[in-house]
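Take a look at the structure below.
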Amino acid sequence: MSILVWEPVAEPTNRYPECHCSVILELSNEDLIVGYYAGEGEARPDTAWVLARHQRDVGSFDPLISVADSPSKPEGNGILFQVDDGTVLLIYGTMHGKLEGKHGPGVRWVTCDLRMKRSYDNGETWSEVEMIEADWGHVPRCKPTLLDNGEILFGTEFTSWHSQIWKSADGGETWNVCGSIPGEQNQHPSLIQRDDGSILALIRPSGKNPNVLKSVSHDYGRTWSEAEVTQNHCPYAALDAVKLEDGRIVMIWNDNPEKRNPLTIGISEDGGETWKYKRDIITGEGSFHYPAIIQSRDGLIHVTFTNNRVTIDHVVLTPNWIEGAGNALPIWDGIGMKRYLI
């Protein structure tokens with residue numbers, strides 16, 4: 001077995017010419033949903049948060065639906081999670097500050113609030129907005145994780161440049177900050193509970209070292225070791241990770257200190273300490289970045305990523321492809337190379 005699918009979630013349109021920052025979720029009915037922000041561009045007034053569904057046993061994604069679209073205010077990063085009672089949570093941010101000018105206080109991403117919508121019908125319809133944090137500065141990125149004590153955790157980028165860890169002990173009804181990751185400046189942690197109960201954070205760097213960072217918590221996310229530099233390069237770009245059903249950890253990131261290319265996927269057999277297998281999943285013209293990754297109930301790995309901000313691409317593969325089985329994908333040429341479905 002190898003790579004089974006490479007497809008766009010949606011093609012660009014006049015309404016959604018650009019897109020970025022996808023997340024993917026397998027629902028309890030085994031449908032897949034993929035969400036991201038799209039519009040004229042990042043931090044543009046018309047940027048909405050949109051969603052596409054891939055029904056089980058159907059060959060392609062359904063058309064996009066708009067889930068959040070604040071008048072004249074851009075929607076930012078969002079994350080998805082389905083709680084035990086079937087409710088799907090969307091946690092995301094809306095920008096309220098200046099959209100032009102040099103990055104800094106009052107400009108673009110640091111002016112995001114943190115808000116939530118709920119769906120009680122597997123993402124078909126959505127509730128009104130609920131505010132998690134009205135004060136600006138929190139930006140989510142990587143999917144929440146359910147701990148063995150029943151709590152749900154996710155991390156946010158924050159204005160301190162130290163990731164904040166949010167916790168819910170009541171199935172997503174309420175949220176509060178329970179911890180912060182010290183050490184090297186960091187943002188957008190991907191959280192994995194390891195077999196020994198500890199929580200591993202694999203983290204996007206935001207300081208002086210262009211490498212993936214790592215931190216560990218032994219008390220359900222309340223305290224964290226100082227973020228330390230690993231051997232895996234990272235060009236200050238988002239990453240994601242998932243724990244497989246066999247206990248191994250898979251990470252996807254840009255293994256390059258300067259460019260968001262190639263997009264690399266790797267397997268760790270020792271809880272994220274070392275990465276025995278690494279393989280470039282996408283190479284070619286441009287940038288392939290901001291990946292999201294899950295393992296579906298059938299054991300397959302699903303990846304979504306931004307392809308040059310024109311499409312969000314969806315790739316399905318078997319875990320042993322990362323170890324070297326099967327052929328590589330063709331090199332992306334940026335001129336309409338056809339993706340494929342086997």
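The figures follow:
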| item | result |
| --- | --- |
| Set Lys102/Lys167; Lys73/Lys98; Lys73/Lys102; Lys243/Lys278 screened for pairs whose C-alpha atoms are more than 21 Å apart | Lys102/Lys167 |
| Lys, Arg +1 and Asp, Glu -1 on Cβ, resulting dipole of segment 1-58 about Cα centre, debye, nearest 20 | 80 |
| Length released on extending from His103 to Thr283, taking residue separation times 0.36 nm less the Cα-Cα span | 61.8 nm |
| Theoretical FRET efficiency, 1/(1+(r/R0)^6), r = Cβ-Cβ of Tyr236 and Ser70, R0 25 Å, to 0.05 | 0.35 |
| J(HN,Hα) series, segment 138-149, from Karplus relation 6.51 cos²θ - 1.76 cosθ + 1.60, nearest Hz, glycine and proline x | 8, 10, x, 8, 9, 4, x, 10, 8, 8, 6, 8 |
| Loop-located trypsin sites (Lys or Arg not before Pro) in segment 5-65, at most 15 other Cβ atoms within 10 Å (DSSP) | Arg15, Arg56 |
| Simple label model, 7 Å out from Cα along Cβ direction - Arg118 to Asp246, nm | 3.9 |
| Listed candidates (i) 0.95; (ii) 0.93; (iii) 1.02 - label of the one calculated as Rg/Rh (Cα atoms, Kirkwood Rh) | (ii) |
| Residues whose placed amide H lies under 5 Å from that of Ile282, excluding near-sequence neighbours | Leu263 |
| Pair Asp62, Asp333: separation of 7 Å Cα→Cβ label points (nm) | 3.6 |
| Sites matching GluC sites (Glu not before Pro) across segment 27-126 that sit in DSSP coil, with at most 10 neighbouring C-beta atoms within 10 Å | Glu100 |
| From phi via Karplus (6.51, -1.76, 1.60), per-residue ³J(HN,Hα) for segment 313-318 in Hz, x at Gly/Pro | 9, 10, 10, 10, 8, 8 |
| Loop chymotrypsin sites (Phe, Trp or Tyr not before Pro), segment 91-144 (other Cβ atoms within 10 Å of the site Cβ: 13 or fewer; DSSP) | Tyr120 |
| Cβ charges +1 (Lys, Arg) and -1 (Asp, Glu), total dipole of segment 3-322, debye | 920 |
| Which of Leu244, Leu27, Leu239 has the fewest Cβ neighbours within 10 Å, and the rest in rising order | Leu244, Leu27, Leu239 |
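No value in this document is a laboratory result; all are computed from the given coordinates. In this text, all values refer to a predicted model and were calculated from it rather than measured experimentally. Cβ: placed from backbone, ideal geometry, glycine included. Neighbour counts: every protein chain shown.
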